[in-house]
Amino acid sequence: MTTGFSLIAAAGFFVVLGSMTLLWLISLRLKDASIVDPFWGPGFAIAAMTYYLVDGRYPNRGTLVLGLVTLWATRLGYHLYVRNRREGEDPRYAAMREARGKQFPLISLFTIFWFQAFLLWVISLPILASIASQASLGFFDFLGTIVFLIGLTIESVADNQLARFRAAPANRGRVLDIGLWRYSRHPNYFGEVVLWWGLYLLAVSAGAYWAIVSPALITFLLLRFSGIPLLEDGLRASRTGYSEYIKRTSSFVPWPPKTQSTPTDS
């Protein structure tokens, strides 16, 4: 890595860290740590714009990646903002606030806002590599863009189906098992992972094979850490029939549901 690359990376890190610190101050005023969630997508757009401006060469791949990331970030940020405004502070943060009491503001700075700033910066590595490269566009740029758009479409459709389902009072406590949710219990997470692997392919075209840490990390986080495991623990308790839904529906990759065998008279 060149000095210029390190400078661009450092600029992105400090801009993201500063943005998260400002967001933390706003959260103290609002008494709502959940505002960090809608910022997740826009945070990547801010990082991408920082890399783009500090690099200053405005290559074709960099312009393409900046556009793709901004499109995804705008949609995701708006979706999470609308959801959080309707539902209030995330129960995870509310429970932490109650448990930590007066210590929560400082603890939230380190464990929520700065931790997510670090994750965001690490996961943004394919974006950094693509923007900082002067390599010519090639096949993997085309393939990566297609994969990214497929992932974005799956995530957008899944989120829209979930939002419409939740908006109907008659669906309170019920399980969404139609549309994409018939084939996967978490199609929005699947779409998210797919689009990050698409961004990685663009980085590969720039020669940054090492950036695989990014899609690998986001895949691990959603599958094994902060995504599916935490979400499903709550859904089992709050959704009637969710255990049966688990038995017949793929956890992640969309797949035809298992048919439920019915007992026959002997």
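Within segment 62-91, the set of residues being of a type in the set (Val, Ile, Thr), surrounded by fewer than 20 Cβ atoms within 10 Å (Cβ to Cβ) and closer than 19 Å to Tyr51 by Cβ comprises Thr63, Thr70, Thr74. For segment 157-180, the criterion of being buried (at least 23 other Cβ atoms within 10 Å of the Cβ) and touching a residue at least 40 places away in the same chain (Cβ under 8 Å) is met by no residue. Restricting Arg29, Arg61 to those that are without any contact (Cβ under 8 Å) to a residue 40 or more places away in the chain, in the same structural domain as Ile112 (by TED's automatic domain parsing), part of a helix (DSSP H, G or I) and among the basic types (Lys, Arg) reduces the list to Arg29.
So how many residues does segment 248-261 have that are at pLDDT 90 or above and charged (D, E, K, R)? Quick ask: steps written out before the conclusion?
So in segment 248-261, the residues at pLDDT 90 or above come out as 248-257.
Retained after the next criterion (residues that are charged (D, E, K, R)): 248.
Within segment 248-261, residues that are at pLDDT 90 or above and charged (D, E, K, R) number 1.
Contact annotation: residue pairs with Cβ atoms under 6 Å, 6 or more positions apart or on different chains, pairing a residue in segment 201-230 that is closer than 17 Å to Ser133 by Cβ with a partner that is buried (at least 16 other Cβ atoms within 10 Å of the Cβ) and acidic (Asp, Glu), are Leu202/Asp141; Ser205/Asp141. Scanning segment 170-192 for residues that are modelled with pLDDT under 95 and at positive phi returns a single hit, Gly173. Given the options Leu195, Leu231, Leu201, name the one that is part of a helix (DSSP H, G or I) and modelled with pLDDT under 95. Within the list Leu195, Leu231, Leu201, the selection yields Leu231.
Looking at Ser130, Ser136 in this structure, which one is over 29 Å from Ser27 (Cα atoms) and buried (at least 20 other Cβ atoms within 10 Å of the Cβ)?
Exactly one residue qualifies, and that residue is Ser130.
Is there a residue being hydroxyl-bearing (Ser, Thr, Tyr), buried (at least 19 other Cβ atoms within 10 Å of the Cβ), in contact with a helix residue (DSSP H, G or I) (Cβ under 7 Å, 6 or more places away or on another chain) and not in a helix (DSSP H, G or I) anywhere in segment 206-218? Looking through segment 206-218, none of the residues is hydroxyl-bearing (Ser, Thr, Tyr), buried (at least 19 other Cβ atoms within 10 Å of the Cβ), in contact with a helix residue (DSSP H, G or I) (Cβ under 7 Å, 6 or more places away or on another chain) and not in a helix (DSSP H, G or I). Among the residues of segment 3-58, the ones that are under 15 Å from Ile123 (Cβ atoms) and surrounded by fewer than 17 Cβ atoms within 10 Å (Cβ to Cβ) come to 2 in all. Taken together, the criteria place Ala167 among residues that are outside the structural domain of Ser124 (by TED's automatic domain parsing), closer than 25 Å to Thr74 by Cβ, modelled with pLDDT under 95 and not hydroxyl-bearing (Ser, Thr, Tyr).
The values are calculated or read from the model by the stated rules, or taken from the named source; none is laboratory data. Predicted model, so just to flag it, every value in this text is computed and none were measured. Cβ coordinates were reconstructed from backbone atoms using ideal geometry, including for glycine residues, and neighbour counts include every protein chain displayed.
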